[in-house]
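Everything below concerns the one structure shown next.
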Amino acid sequence: MRAWVSTVLTLALTAASSPIRATAAQTPQQATPTAANPAMDAPRPIDAVDSVFIEELTWMEVRDAIRGGKKSVVVATGGIEQNGPYLTTGKHNYVLRATTEAIARKLGNALVAPIVPFVPEGGIEPPTSHMRYAGTISLQESTYAALLTDIVASLKQHGFEHIILIGDSGGNQRGMKQVASELTTRWNGKPGVHFIPEFYDYPAATKYAEAEMGIKQGDEGIHDDYVITSIIMTVDPNQVRLKQREAKGKASINGVSITPAARTIEHGHRLVSYRADQTVAAIKKALEAGSQK
């Protein structure tokens with residue numbers, strides 16, 4: 001009976017507290033850990049894997065990575081949209097799969113939050129922009145801002161000191177900039193929330209491909225180009241429908257062949273490294289500027 005009364009009192013007190021303000025730092029550790037509420041200071045029983053992606057890590061691996069100095073986290077926004085007849089609707093998300101890992105590893109002290117696939121892609125009813133095409137998923141700007149705010153606030157609670165926002169599509173940029181500005185003001189710069197527009201610079205990447213790899217593109221009027229295709233191929237050539245294009249004699253984009261695949265993938269790796277270098281330089285500049293305020 002006493003145990004039952006104690007449990008009821010504990011549940012009542014928990015329900016009376018604010019769910020928004022109750023954080024791991026404010027809530028006393030449960031006396032008897034359960035499967036749903038394990039001890040937060042429990043030692044990790046196995047070795048950690050070598051990944052920078054939070055969704056590939058256990059909660060203990062994330063906890064220990066933060067304790068070990070990985071105090072920065074990259075929040076990247078992609079999209080689900082029409083991308084011409086050859087690239088899958090998740091084009092931007094596959095680009096980010098490659099580039100965010102390179103950015104985090106070059107920074108050395110960063111993890112990567114799950115890539116945000118849902119962003120503004122046009123009006124829903126009536127449909128405008130990409131929403132006119134099957135498969136596209138769009139958000140209202142207010143929904144997008146709310147989603148980003150909750151993601152960033154969640155990461156703040158876990159102890160990240162720098163939260164870095166990057167986006168691989170034009171429609172993503174305004175909302176990220178707005179959220180970064182609002183949260184920086186709300187939290188007085190702690191943690192730092194940094195929007196890095198330098199990541200989204202495809203003209204510079206195109207110039208790099210031309211100068212360093214001799215890639216000279218025309219314009220076929222398709223929502224695709226060699227830079228994007230080659231980067232996606234470093235992750236999964238199926239996402240650019242390589243085999244199907246080869247079978248139909250369409251294994252090129254803007255006048256540039258994407259075969260042999262090994263050469264295009266090598267170009268893609270170089271472009272990933274280039275974009276990561278440019279972004280890391282911009283991140284370090286933003287962090288330095290923030291520290292001087």
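Bear in mind these aren't lab numbers, they're just calculated from the coordinates by the rules spelled out. All of these numbers come straight from a predicted model, not from anything done at the bench. Cβ coordinates were reconstructed from backbone atoms using ideal geometry, including for glycine residues, and neighbour counts include every protein chain displayed.
Has the stretch 163-182 got any residue that is in contact with a Pro (Cβ under 7 Å, 6 or more places away or on another chain) and under 30 Å from MET40 (Cα atoms)? Within the stretch 163-182, one or more residues are in contact with a Pro (Cβ under 7 Å, 6 or more places away or on another chain) and under 30 Å from MET40 (Cα atoms). Checking ASP219, ASP224 one by one, the residue that is closer than 17 Å to ASP168 by Cα, outside any helix (DSSP H, G or I) and out of contact with any Cys (no Cβ under 6 Å at 6 or more places or on another chain) is ASP224 and no other. Just wondering, is there one or more residues in the stretch 252-268 that are under 30 Å from HIS162 (Cβ atoms) and not aliphatic (A, V, I, L, M)? Yes. In contact (Cβ under 8 Å) with a residue 60 or more places away in the chain, hydrophobic (A, V, I, L, M, F, W, C) and outside any loop (DSSP other than H, G, I, E, B): is that true of ILE231 in this structure? Yes; evaluated as a whole, the condition is true for this residue. Scan the stretch 126-146 for residues that are buried (at least 17 other Cβ atoms within 10 Å of the Cβ) and either among the aliphatic types (A, V, I, L, M) or part of a loop (DSSP other than H, G, I, E, B) (or both) and the total you get is 4. Taken over the stretch 252-269, residues that are farther than 18 Å from GLY221 by Cβ and either of a type in the set (D, E, K, R) or surrounded by 13 or more Cβ atoms within 10 Å (Cβ to Cβ) (or both) amount to 8.
Within the stretch 147-195, being in a helix (DSSP H, G or I), in contact (Cβ under 8 Å) with a residue 24 or more places away in the chain and not hydrophobic (A, V, I, L, M, F, W, C) holds for THR149, LYS156, GLN157, GLY170, GLY171, ASN172, GLN173, ARG174, GLY175, GLN178, GLU182. Considering only the stretch 59-70, I want to know if a residue exists there that is touching a helix residue (DSSP H, G or I) at 6+ places or on another chain (Cβ under 7 Å) and not in a helix (DSSP H, G or I). The answer is no, given that none of the residues of the stretch 59-70 is touching a helix residue (DSSP H, G or I) at 6+ places or on another chain (Cβ under 7 Å) and not in a helix (DSSP H, G or I). Taking residues in the stretch 214-228 that are within 19 Å of PRO260 (Cβ to Cβ), and partners anywhere that are acidic (Asp, Glu) and assigned to a loop (DSSP other than H, G, I, E, B), the pairs with Cβ atoms closer than 8 Å and at least 6 places apart or on different chains are GLN217/ASP225.
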